[in-house]
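Asker: First, the structure itself, so that you have it in front of you.
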Amino acid sequence: MIMPGEMVDLRSVDVQDSKGVDVAVYSEDRPDMKITKILTSKPGLLVAEATPMTPEELERAQLKGGQRIHINVRPGFPIGTMREEVVVETDHPQRPEVKLTVVGSVAGPISVLPERVRLVNVKSSEGASKEITLLVRGGKTANFEIVHKPEHIVVAVEAADAAGDRKGRYLVKVDVPKGTTPGYIEDTIVIKSDFPDVGELKIPVNILVSAG
């Protein structure tokens, strides 16, 4: 059993700070159950450690035994929507593995507006485009490099105003070319920045391309 549940919502996370939450894992039929290993989808940035619940915690939860898992998001986590996984391995014969989903939104010196690329009913014969704005705090400049994108779309980053009148504002231009094969594109654009304390920006992509 997991308390409060297998979905762990950290809500808002600051890229420059750490944020943690505790989850209780216990077994009513095996109160002496042990956790043998914990793995995360982002080692080094998403860490999890298990310790036995204290007598006071067990008494409040009315349990005979259990483990408290502390999940911590460390500074430098990619900016954008977070959806990661924590895998807890146990010695329980009927449930040797428990999967926790960690969600939230990571914000920092660079804002992504809107947070995702969502296009529906894009006709293959016409294509489509969308712009995402990157705002650098304090109007400062930054360099960006696209390190991952969906296979069938074109992505470019450029300053919003070539004349420099609006410093610190950049546009991520996303194009679905004409003739793109119909289907559902679900992936993530990952952009690397040289701005201090910002590692990567993650922009989820959900595009439905229809025939016609």
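Asker: Could you say which residue among 133, 180 is farther than 20 Å from residue 80 by Cα and of a type in the set (Ser, Thr, Tyr)?
Answerer: 180
Asker: Can you tell me which residue in the stretch 1-40 is farthest from the chain's Cα centre (by Cα), limited to those that are within 15 Å of residue 97 (Cα to Cα) and of a type in the set (S, T, N, Q)?
Answerer: 27
Asker: Residue check, residue 50 against (1) in contact (Cβ under 8 Å) with a residue 40 or more places away in the chain; (2) within 19 Å of residue 98 (Cα to Cα); (3) hydrophobic (A, V, I, L, M, F, W, C), all met but one. Which one?
Answerer: (1)
Asker: Just to check your reading of the model, which residue among 139, 168, 183 is of a type in the set (Gly, Ala, Ser), outside the structural domain of residue 78 (by TED's automatic domain parsing), under 30 Å from residue 11 (Cα atoms) and surrounded by fewer than 15 Cβ atoms within 10 Å (Cβ to Cβ)?
Answerer: Selected residue: 139, the only one of 139, 168, 183 that is of a type in the set (Gly, Ala, Ser), outside the structural domain of residue 78 (by TED's automatic domain parsing), under 30 Å from residue 11 (Cα atoms) and surrounded by fewer than 15 Cβ atoms within 10 Å (Cβ to Cβ).
Asker: Kindly indicate the residue of the stretch 96-116 that is within 15 Å of the chain's Cα centre (by Cα) and β-branched (Val, Ile, Thr) and also farthest from residue 169 (Cα to Cα) among those meeting that condition.
Answerer: Selected residue: 101.
Asker: Only one residue in 100, 46 is crowded, with 17+ Cβ neighbours inside 10 Å, of a type outside the set (Gly, Ala, Ser) and either assigned by TED's automatic domain parsing to the domain that holds residue 193 or within 23 Å of residue 200 (Cα to Cα) (or both). Which one?
Answerer: On inspection, the qualifying residue turns out to be 46.
Asker: Which of (1) outside the structural domain of residue 48 (by TED's automatic domain parsing); (2) surrounded by fewer than 16 Cβ atoms within 10 Å (Cβ to Cβ) does residue 94 not meet, given it meets every other one?
Answerer: Result: residue 94 fails condition (1) only.
Asker: Looking at 5, 20, can you tell me which residue is closer than 21 Å to residue 197 by Cα and among the small types (Gly, Ala, Ser)?
Answerer: Answer to the selection: 20.
Asker: Sticking with this one: Just give me the residues in the stretch 74-88 being small (Gly, Ala, Ser) and surrounded by 20 or more Cβ atoms within 10 Å (Cβ to Cβ), in sequence order.
Answerer: Once the filter is applied, which keeps residues that are small (Gly, Ala, Ser) and surrounded by 20 or more Cβ atoms within 10 Å (Cβ to Cβ), the stretch 74-88 yields only 80.
Asker: Please determine whether any residue of the stretch 75-92 is part of a strand (DSSP E or B), of a type in the set (Lys, Arg), out of contact with any Gly (no Cβ under 8 Å at 6 or more places or on another chain) and under 30 Å from residue 190 (Cβ atoms).
Answerer: Checking the stretch 75-92: at least one residue is part of a strand (DSSP E or B), of a type in the set (Lys, Arg), out of contact with any Gly (no Cβ under 8 Å at 6 or more places or on another chain) and under 30 Å from residue 190 (Cβ atoms).
Asker: State whether one or more residues within the stretch 54-68 are surrounded by 13 or more Cβ atoms within 10 Å (Cβ to Cβ) and closer than 30 Å to residue 188 by Cβ.
Answerer: Among the residues of the stretch 54-68, not one is surrounded by 13 or more Cβ atoms within 10 Å (Cβ to Cβ) and closer than 30 Å to residue 188 by Cβ, which makes the answer no.
Asker: Then there is this: Could you please give the count of residues in the stretch 145-156 that are more than 13 Å from residue 173 (Cα to Cα) and crowded, with 16+ Cβ neighbours inside 10 Å?
Answerer: Qualifying residue count for the region: 1.
Asker: Hey, which of the strands (runs of 3 or more DSSP E) in the stretch 130-189, taking only ones fully inside, have at least 2 residues that are more than 19 Å from residue 200 (Cα to Cα)?
Answerer: So the answer is 169-176.
The values are calculated or read from the model by the stated rules, or taken from the named source; none is laboratory data. All of these numbers come straight from a predicted model, not from anything done at the bench. Counting neighbours? That spans all protein chains shown, and the Cβs are built from the backbone with ideal geometry, glycine included.
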